[in-house]
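S.K.: Quick one: this structure, given as structure tokens, is what I'll be asking you about.
Taken together, the values in this text are just the output of simple stated rules run on the coordinates, not laboratory data. Just so we're clear, the structure is a prediction, and the values are computed from it rather than from any experiment. Positions of Cβ are backbone-derived with ideal geometry, glycine not excepted, and every protein chain shown enters the neighbour counts.
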Amino acid sequence: MKNENTEDTELAAKMKLGDRSAFNVLYEKYSTRIIRSAYLLTGDYQLSEDIMQETFVKCFLHCRELKDNSRFEVWLMQIMHRTAWKLISRRKAEVPEEEIENQAEKSEENDCFSSALRDEQSTRINVAMAKMCGKYREVLILYYYDELSVREIARATGCFEGTVKSRLYKARTLIRSQLQSHEEKEVMFHAGSENIG
């Protein structure tokens, strides 16, 4: 069976020669992942769809700029993250925390996100991620959701590997802190309820 990277390499080569069907295969393979990553960055499903569409338009129009066909996945994620930050900055406003929580609760309606946000812990993690600074959220998404290596994240974001590691460490610390704070509040709430009863 052909390895995924080999398949992407061949498809990217064909796409660069103008093969529309190769592009369609890559679109089908990566579109859901792009939307999911964009949603985790923005907390806005409609904006995520815009990011996904613009990412693939740029992919098709600029595919000849891809120097190494075997690096297609990292190159595509790089386009997605640049596109996302461009569209986010265009909006010039952070998504309100309440909207993130509402989106998380409605996620069962969206097949793309239902598996990622199914249980309560996942929802808490996503809410915690929504509260953190974009540069920390970005490395978490690339590392855990897109499964890129530290080196690939460094290439996709234009940072040094040491910076990526440092941001990952800080992001994990922020997530742990948020989850612990939530658990402590729950313990206090239950203790208070028992005293009332």
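S.K.: Where in the range 57-88 does the amide nitrogen come within less than 19 Å of the point 7 Å from the Cα of residue 16, taken along Cα to Cβ?
M.R.: Answer for this model: 57-80.
S.K.: Right, another one. Can you work out ³J(HN,Hα) from phi for every residue in the range 129-139, in order, using Karplus 6.51 cos²θ - 1.76 cosθ + 1.60 and θ = phi - 60°, giving whole Hz and x for Gly and Pro?
M.R.: 5, 5, 7, 8, 4, x, 5, 7, 4, 4, 5
S.K.: Hey, what did the range 1-60 get for relative contact order, percent, Cα under 8 Å, at least 6 apart?
M.R.: That works out to 24 percent.
S.K.: Test of understanding: extend the Cα→C-beta vector of residue 177 to 7 Å, then name every residue of the range 137-160 with backbone N under 14 Å from that spot.
M.R.: Zone members listed by number: 137.
S.K.: Can I ask one more? Which of 14/58; 67/131; 16/165; 58/131; 14/135 have a Cα-Cα distance over 28 Å?
M.R.: The pairs that break the limit, which is 28 Å between Cα atoms, are 67/131; 16/165; 58/131; 14/135.
S.K.: Still on this model: Given R₀ = 35 Å, FRET efficiency for residue 132-residue 25 by Cβ-Cβ distance, to 0.05?
M.R.: 0.50
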